[in-house]
1. With the requirement that a residue be within 19 Å of Thr5 (Cα to Cα) and not charged (D, E, K, R), what does the range 20-32 give you?
2. Can you find, within the range 1-30, the residue that is most open to solvent (accessible area, probe 1.4 Å) among those that are aliphatic (A, V, I, L, M) and assigned to a loop (DSSP other than H, G, I, E, B)?
3. What's the total number of residues in the range 31-59 that are open to solvent by less than 100 Å² (accessible area, probe 1.4 Å) and either in a loop (DSSP other than H, G, I, E, B) or touching a residue at least 24 places away in the same chain (Cβ under 8 Å) (or both)?
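The values are calculated or read from the model by the stated rules, or taken from the named source; none is laboratory data. A quick note: this is a predicted structure, and the numbers were derived from the prediction, not measured. Methodologically, a virtual Cβ is constructed for each residue, glycine included, from the backbone with ideal geometry; neighbour enumeration extends over all protein chains shown. When the accessible area is computed, the model is the full protein with side chains, heavy atoms only, and any ligands, DNA or RNA have been set aside. Shrake-Rupley method; radii C 1.70, N 1.55, O 1.52, S 1.80 Å.
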Amino acid sequence: MTPTTNQFEVEKDNMGDALNYLEDAMPCEVVFYNEKPISVDLPNTLVRESSTPNPPWRGDTSGK
């Protein structure tokens, strides 16, 4: 079974807290009732990449 990609409109009231965490092109599952989308389930984990390295901390050098 391969996942399919579809776009659905879900009313803002049915999104709940998911609306605060939803991003463009994020894979999620839509729950339907009587052929109407009623809620959205977001993924449990996300993979992020940092584009800039962390700055060195003070004292993070060898002294001798």
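1. Within the range 20-32, Leu22, Ala25, Met26, Pro27, Cys28, Val30, Val31, Phe32 meet the criteria.
2. Met1
3. 11
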